[in-house]
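The values are calculated or read from the model by the stated rules, or taken from the named source; none is laboratory data. Given the structure is predicted, the values throughout are model-derived calculations rather than measurements. Neighbour counts run over all protein chains shown; Cβ positions are idealised from the backbone, glycine included. Just the protein is used for accessible areas: all its heavy atoms, side chains included, with ligands, DNA and RNA removed. Shrake-Rupley method; radii C 1.70, N 1.55, O 1.52, S 1.80 Å.
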Amino acid sequence: MKQITTQVAIIGAGPAGLLLSHLLAQRGVESIVIESRSRAYCEDRVRAGLLEQGSVDLLGRIGCADRLHREGLVHDGTWLRFGGQSHHFNFTELVGKHVTIYGQQEIVKDLIAARIERGGAIEFEVSGVSIHDIDGAHPSVRYRDSAGGEHEIRASYIGGCDGFHGIARGMIPGIVATEHAYPFAWLGILAKAPPLREELVYAHTDDGFALFTMRSPSVARHYLQVPVDESSDDWSDAAIWAELRRRLGDDDTGPPLVDGVIMKKEVTPMRSFVAAPMQHGRLFLAGDAAHIVPPTGAKGMNLALGDAALLSTAIVEAEAGDDTLLAQYSELALDRVWKAERFSYWMTTLMHVQPDSTPFIVQMQLAEMRYLCASDAPAMAFAENYTGLPYAIPLDRIMPVPAHV
Ligand code: APR
Ligand code: PHB
C-alpha cells in the first residue's frame with residue numbers, strides 16, 4: 001500500500017470538497033481530494049444554479065469567479081405568482097443584496113480546473129474508500145485508485161465532503177438524523193428555450209407549484225410539482241410544456257412561455273435532513289454529507305460552500321495553534337444550516353399544494369403571500385433569507401487577502 005502524508009484528506013469533489021481544498025491551499029494548508037466519480041461525471045451533473053451573494057464573494061476571494069462574473073446572471077429580485085397575479089420583490093431595494101444564476105456544474109468545472117492548474121491533488125475514480133483512526137491525532141483514509149493500486153493518506157484532519165450517499169457520516173458515533181419528507185416531488189427540465197422572464201417566477205396554483213428559472217439567456221430550467229412516486233417517463237415533452245403553461249395561467253407581466261427542446265428531465269424527491277453533530281475527533285462533515293434541503297429557495301449548494309468556508313478557517317486557525325473555532329465547528333455550522341432548513345421548509349410549505357390540503361390551508365398560504373407582498377417587514381425577511389444569511393464569521397477572517405492568482 002502506497003502511503004502519503006498531507007494536512008487534510010478531503011473525500012468528495014463536489015462544491016464543498018473543492019472549495020475547502022482551495023481555501024486551505026490559499027492559506028498555506030495542504031490537502032488531497034479523492035472522488036469516486038470521473039471528472040467528466042462531476043462536471044456534467046446538472047444540479048442547483050442559484051448563488052447567494054456570500055457564495056459569489058467566496059469564489060471571488062479564491063480567484064475562481066472570472067467566468068462566473070462574465071456568464072452568471074445577476075438577479076436583483078424575483079417574482080411570486082399566486083391567485084392568478086404576479087408580484088415582484090426587489091432584493092436590492094429591500095436588503096441591498098442580490099443573487100446570481102450560475103449552474104453548480106459550472107462552479108465544479110471552474111474549481112477543478114483551477115485546482116489542477118495550481119498544482120492541487122485531485123484523484124478521480126477511486127473506490128473502496130475507508131476512514132480510520134479519527135479519535136487519534138493521525139487519522140487516515142484508504143482507497144483504491146482507478147488502476148487498482150492501494151493507497152493510504154495520512155492526515156491531521158479529514159473533510160467528509162462526500163455528499164448524501166457518502167460514507168463519512170456513518171463514521172460519527174452517536175450521530176442523530178432529524179428529517180422530514182414532503183408529500184410531493186419536482187419534475188425538472190433543462191431546455192433549449194429562452195427563460196420565461198429575466199428573473200425567476202415562483203408560481204402557486206390550484207394544480208400545484210411551478211418554478212420558471214434558467215441557466216443562461218438561451219437555456220431554461222423549469223420545475224413542476226408532481227406526486228412523490230412520479231416517473232419522468234410518464235411525462236411527454238408536450239405534456240410538460242402544456243402543464244407549465246397551464247400553471248402559469250394568463251400572465252400579462254411579460255411575453256408568453258416559449259417551448260424548446262428538452263435536453264434533460266428528472267424527478268427530484270423533496271426532503272429536509274440534518275445530521276448532528278457534524279464532527280467527531282478529526283473527522284468533519286461539510287455539505288450534503290450532513291444535511292439536505294428541499295430545492296425550493298436553492299439553499300443546498302450555498303450551505304455546502306458556507307460549511308467549507310467555516311471549516312477551512314477552523315482548520316487554518318487550528319494549524320496555527322488556536323483550535324477554538326474547530327471545537328465549535330459543528331455548533332456554528334448547524335446554527336446556519338437550521339436557519340436555512342427553516343427557510344426552505346417555509347417556502348416549500350407556502351407554495352405547494354399538499355395532497356391532504358384543506359380550503360383552510362390554501363387560505364393560509366394565500367393570506368401569507370398577500371401579507372408578504374403588502375408589507376416591507378415580511379418582504380425584507382424573505383429577501384434577507386433568500387439572498388443568504390450571514391456566515392458565523394466575517395469574510396475577512398475566512399479569506400483575508402483577495403486572491404491575485
Ligand atoms: N469516496 C469519494 N467520493 C465520494 C464518495 C466516496 N466514498 N461518496 C461520494 N463521493 C463524492 C460524490 O461522487 C460527489 O461528487 O462526493 C461528492 C459530493 O458532492 P455533492 O453531492 O455535490 O455534495 P456537496 O459538495 O456537499 O454539495 C452539495 O450538491 O446535491 C447538491 O443540492 C446539493 O447543491 C448541493 C450540493
Ligand atoms: C434552479 O435554478 O435550479 C433553482 C433556482 C431557484 C430555486 C430552485 C432551483 O428556488
query: Of the numbered conditions (1) within 26 Å of Ile158 (Cα to Cα); (2) at pLDDT below 95, Val46 satisfies every one except a single condition; which is it?
result: (1)
query: Among Ile262, Ile240, Ile189, which is the only one that is over 23 Å from Gln354 (Cβ atoms), β-branched (Val, Ile, Thr) and open to solvent by less than 10 Å² (accessible area, probe 1.4 Å)?
result: Ile189
- prompt: For the subset of the stretch 126-150 comprising residues that are open to solvent by less than 30 Å² (accessible area, probe 1.4 Å) and outside any loop (DSSP other than H, G, I, E, B), which member is nearest to ligand 1 (Cβ to nearest atom)?
  reply: Tyr143
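Results for (1) β-branched (Val, Ile, Thr); (2) in contact with a His (Cβ under 8 Å, 6 or more places away or on another chain); (3) free of Cβ contacts under 8 Å to residues at least 60 places away in the same chain, shown as yes or no for each residue.
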site	(1), (2), (3)
Gly14	no, no, no
Ala25	no, no, no
Ala40	no, no, yes
Phe82	no, yes, no
His87	no, no, no
query: Exactly one of (1) open to solvent by 20 Å² or more (accessible area, probe 1.4 Å); (2) more than 26 Å from Leu18 (Cα to Cα); (3) of a type outside the set (Val, Ile, Thr) is unmet by Leu196. Its number?
result: (1)
task: Go through the residues of the stretch 52-59 one by one and say whether even a single one is touching a strand residue (DSSP E or B) at 6+ places or on another chain (Cβ under 7 Å) and open to solvent by less than 30 Å² (accessible area, probe 1.4 Å).
output: yes
message: On the basis of being assigned to a loop (DSSP other than H, G, I, E, B) and either aromatic (Phe, Trp, Tyr) or surrounded by 14 or more Cβ atoms within 10 Å (Cβ to Cβ) (or both), does Arg221 make the cut?
response: no
Residue within the stretch 209-218 that is free of Cβ contacts under 8 Å to residues at least 60 places away in the same chain, open to solvent by 60 Å² or more (accessible area, probe 1.4 Å) and assigned to a helix (DSSP H, G or I) present: no
message: Among the residues of the stretch 99-109, are any within 14 Å of ligand 1 (Cβ to nearest atom), farther than 30 Å from His352 by Cβ and part of a helix (DSSP H, G or I)?
response: yes
statement: Considering the stretch 6-38, residues that are surrounded by fewer than 21 Cβ atoms within 10 Å (Cβ to Cβ) and under 24 Å from Thr268 (Cβ atoms), and then whichever is nearest to ligand 1 (Cβ to nearest atom), we arrive at Arg37
task: Report whether or not Ala121 is small (Gly, Ala, Ser), out of contact with any helix residue (DSSP H, G or I) (no Cβ under 9 Å at 6 or more places or on another chain) and modelled with pLDDT under 95.
output: no
